[in-house]
Amino acid sequence: MISRTHIAVAASAGACALALGVTAPAMAAPAQAQDKAMVSVFHGIPGMTVDVYANGDELLSDFKPGTVTDPQSLDAGTYDIRIFEAGQGPDGTPALEKQVKVPEGGNATVAAHLSADGDPQLTAFTNDVSKVDAGKARLTVRHVAAAPAVDVRAGGQPVFTDLTNPNEDTAAVDAGTVNTDVVLAGTDTVAIGPAALDLKEGTSNVVYAWGSAEDKNLALATQTFSGMESMPSGVHAGGGGAAAATPNSSDQWLAWAAAAGAITVAGVLVARQVAGRRG
């Protein structure tokens, strides 16, 4: 499990209250050119502010933890991604480094998070933005925390069971507000929550269980895509935006998101420890 000497590259303990971070909806991706991909990024490692570089260029400085960027249409290609503790790049040793390939087409979120053993890593997830039936919403839960297997409950009843890091599970559920919590698999021991989750008709809602059980900062965060209602159940409202994007969430950051958000990845991931430092 992660210790207090581990470097963390994203997401905050400060956002780790046992309340669900409800986010602004992001529009379902329109049809895009074949040389593009829709990509967003979630920071899910408690710790410190970071600077992000791609192919040697600084894309983002002082990026704050606990955020999800807007999905953006970005060029396909291969990028060398380096993440540094804020102010330590580009000549120092990166906390995380990965060469990634951005595929053509698709909608993905890349998560910077802890492994089950507490090591920082990057995982790319494909977002399902297909239509849902009238009166329904899509609920996806992603386990990206340094924690054992969990069950996810809605209204006290298990919806997803025995979910392990870095896996996900998804289901179509009735639209509406549900009270959710996360418990240790096969028990009633609450690890995160309870929290209210507003599942609007025609949306795809991604819930991230992130943080560290050992450091007692487990939390939930959400990413919501809209525009998936089936006619004639709803009228597409328009608009967009993603959850908790910071003022630094610029086009340059989104270029990094494209790089990190590849569904297929290549290269190496380097995780380092910094003794005696905690974000």
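Of everything in segment 45-87 that's aliphatic (A, V, I, L, M) and either at pLDDT 75 or above or part of a loop (DSSP other than H, G, I, E, B) (or both), which residue is farthest from ALA146 (Cα to Cα)?
Of everything passing the filter in segment 45-87, ALA76 is farthest from ALA146 (Cα to Cα).
Which pairs have Cβ atoms under 7 Å, sit 6 or more apart or on different chains, and link a residue in segment 101-126 that is closer than 19 Å to THR224 by Cα to one that is of a type in the set (Asp, Glu) and surrounded by fewer than 22 Cβ atoms within 10 Å (Cβ to Cβ)?
Correct list of pairs: PHE125/GLU168.
Which of the numbered conditions does SER130 fail, given that it passes all the others? Conditions: (1) part of a loop (DSSP other than H, G, I, E, B); (2) over 30 Å from SER230 (Cβ atoms).
Among (1) part of a loop (DSSP other than H, G, I, E, B); (2) over 30 Å from SER230 (Cβ atoms), SER130 violates only (2).
Checking the condition farther than 17 Å from HIS43 by Cβ, crowded, with 23+ Cβ neighbours inside 10 Å and under 17 Å from the mean Cα position of the chain (by Cα), which residue from LEU139, LEU114 passes?
Just one listed residue meets the conditions, LEU139.
Please work out which one of (1) more than 20 Å from the chain's Cα centre (by Cα); (2) part of a strand (DSSP E or B); (3) on the phi > 0 side of the Ramachandran plot is the condition GLY193 fails and give its number.
That leaves (1) as the condition not met.
If PRO25 satisfies every condition in (1) closer than 24 Å to ALA137 by Cα; (2) modelled with pLDDT of 75 or more; (3) crowded, with 21+ Cβ neighbours inside 10 Å but one, which is the exception?
Failed condition: (2).
Of all residues in segment 133-156, how many are part of a loop (DSSP other than H, G, I, E, B) and under 18 Å from MET38 (Cβ atoms)?
Of the residues in that region, 0 qualify.
So, in segment 150-191, exactly how many residues are over 15 Å from ARG138 (Cβ atoms), surrounded by 18 or more Cβ atoms within 10 Å (Cβ to Cβ) and modelled with pLDDT under 95?
0
Condition first: surrounded by fewer than 20 Cβ atoms within 10 Å (Cβ to Cβ), acidic (Asp, Glu) and part of a strand (DSSP E or B). Can you find one or more residues in segment 97-109 that meet it?
Taking every residue of segment 97-109 in turn, at least one turns out to be surrounded by fewer than 20 Cβ atoms within 10 Å (Cβ to Cβ), acidic (Asp, Glu) and part of a strand (DSSP E or B).
The values are calculated or read from the model by the stated rules, or taken from the named source; none is laboratory data. Since the model is a prediction, treat every value here as computed from it, not as a measurement. Here Cβ is always computed from backbone atoms with ideal geometry, including for glycine, and neighbour counts include all displayed protein chains.
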